[in-house]
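Where a number appears in this text, it was derived from the coordinates with a stated rule and is not lab data. Since this is a predicted model, take the numbers as computed values, not measurements. All Cβ positions, even for glycine, are placed from backbone atoms using ideal geometry, and neighbour counts span all protein chains on display.
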Amino acid sequence: MRAGFDPRLYLVTDTLLCAPRSVPEVVAAAVSGGVTAVQVRDKTAGRRDLLALTRAVQEVLRPTPQVRLFVNDAVDVALLTGADGVHVGQDDLPAVDVRRLLGPDVLVGVSVGSTAELDDVLALPAGTADLVGLSPVWSTPTKPDAGAALELDGTSALAARARAGGLLSVAIGGISAATAAAVAGTGVDGICVVSDICAAADPAAAARTLRAAMAGELVAR
């Protein structure tokens with residue numbers, strides 16, 4: 001793990017769910033409420049717009065450098081902005097090539113939805129990946145193309161194997177304040193949320209509620 005990365009409450013942005021507020025506005029509020037990492041994700045944006053969006057989020061995160069900024073999929077945008085990390089899915093650039101492009105100091109996350117996919121990540125050369133995103137815990141409309149739900153038992157099994165292999169893990173998919181404690185109890189290092197913060201009337205309060213729900217279940221590593 002690259003030093004200083006805290007994945008406890010990891011926000012994945014959704015531009016449409018944030019509207020009519022801007023993504024940077026929601027991110028700033030969420031960080032004030034306890035979000036510890038942010039991933040800029042907008043599958044509908046062109047590269048120029050995604051670059052502008054990432055730079056705008058980067059600007060609001062400037063006062064909180066401990067909150068690491070990831071870019072979803074777009075290695076070129078991460079390079080241009082100097083983002084802290086990139087998260088790639090199973091259909092994106094291979095993690096080993098992402099690491100080769102980005103060098104040793106950038107965080108690399110990989111989506112994992114099964115034992116076989118985790119095996120593939122664990123078989124990569126040491127230092128290729130830092131983090132696996134275990135998904136989906138439950139089905140979610142924000143990612144309709146995700147695979148079968150892992151549920152709590154599946155998430156726990158993958159989290160244990162990831163930790164044994166020296167990787168951090170975060171869980172994503174259908175997680176809300178009502179389920180955050182149960183997911184944190186599976187042994188993951190953090191939870192990822194999209195709609196529970198992006199669509200909240202008060203993103204700061206939503207983040208605080210999530211952190212309170214996880215209290216006692218999740219310890220920073």
Dipole of the chain, positive direction: furthest Cα of L131, A178, G85, with charges on the beta-carbon: G85
Gyration tensor verdict on the range 9-214 (Cα atoms; rounded if a/c is under 1.5, prolate if a/b is larger than b/c, oblate otherwise): oblate
Shape call, the range 30-71: gyration tensor on alpha carbons, a/c limit 1.5: prolate
A148-R62 FRET efficiency (beta carbon distance; Förster radius 45 Å; 0.05 resolution): 0.70
J(HN,Hα) series, the range 72-88, from Karplus relation 6.51 cos²θ - 1.76 cosθ + 1.60, nearest Hz, glycine and proline x: 7, 6, 7, 5, 5, 5, 4, 5, 5, 8, x, 4, 6, x, 10, 10, 10
Per-residue Cβ neighbour rank within 10 angstrom, fewest leading, T13, T155: T13, T155
Alpha-carbon centroid distance for the pair the range 1-51 / the range 52-92, whole angstrom: 9 Å
Vicinal HN-Hα couplings computed from phi for the range 182-192 (Karplus, 6.51 cos²θ - 1.76 cosθ + 1.60; Hz; Gly/Pro x): 5, 5, 4, x, 7, x, 5, 8, x, 10, 9
Protection-proxy order for peptides 50-61, 125-136, 187-198, each taking the mean of Cβ atoms within 10 Å per residue, highest first: 187-198, 125-136, 50-61
Peptide ranges 111-117, 69-75, 148-154 listed from the most packed, as the mean C-beta count within 10 angstrom indicates: 69-75, 111-117, 148-154
Per-residue Cβ neighbour rank within 10 angstrom, fewest leading, T44, T179: T44, T179
Relative contact order (%) - the range 1-140, alpha-carbon pairs under 8 angstrom, separation at least six: 19 percent
The range 95-221 - charge dipole about Cα centre, Lys and Arg +1 at Cβ, Asp and Glu -1, debye rounded to 20: 260 debye
